[in-house]
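For reference, the structure discussed in these notes is given below.
The values are calculated or read from the model by the stated rules, or taken from the named source; none is laboratory data. As the structure is a computational prediction, the values presented were derived from the model and not from experiment. Here the Cβ positions follow ideal geometry from the backbone for every residue, glycine too, while neighbour counts run over all protein chains shown.
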Amino acid sequence: MNGYSGSKDDYLKRLRRIEGQVRGLQRMVEEDTYCIDILTQVSAVTKALQAVSLGLLEDHLDHCVRDAAVAGGPEADAKIREAADAIARLVRS
């Protein structure tokens, strides 16, 4: 079971909304919308994706990493390293 299973419907709803925003961006480019207006929408989509990422990360830490830490051993080390790598990727993006 994944850490986000309890929130799966919420994540799907948010991702569908983001998908709609991206389609809106495509439409804006097709219609030669003013650059700043497009950039404003790109910023909104970026923030929405970041919110999803942070929620998934929190769920992962709360479920997968916590369970592995309680169990201890190499699995705990691997989950902590995996989470640290994911955080590093998010910070770089």
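Considering the range 58-85 alone, what residues qualify as being surrounded by fewer than 16 Cβ atoms within 10 Å (Cβ to Cβ) and touching a residue at least 24 places away in the same chain (Cβ under 8 Å)? The one that is surrounded by fewer than 16 Cβ atoms within 10 Å (Cβ to Cβ) and touching a residue at least 24 places away in the same chain (Cβ under 8 Å): Asp62. Reported count of residues in the range 15-53, each being outside any helix (DSSP H, G or I) and either in contact (Cβ under 8 Å) with a residue 60 or more places away in the chain or surrounded by 11 or more Cβ atoms within 10 Å (Cβ to Cβ) (or both), is 1.
You will find that of Leu56, Leu12, the residue that is assigned to a helix (DSSP H, G or I), of a type outside the set (Asp, Glu), modelled with pLDDT under 95 and out of contact with any strand residue (DSSP E or B) (no Cβ under 9 Å at 6 or more places or on another chain) is Leu56 and no other. Reported count of residues in the range 44-93, each being over 15 Å from the mean Cα position of the chain (by Cα), of a type outside the set (A, V, I, L, M, F, W, C) and on the phi < 0 side of the Ramachandran plot, is 10.
In this structure, is Asp10 acidic (Asp, Glu) and under 18 Å from Arg89 (Cβ atoms)? No: the conditions fail for Asp10.
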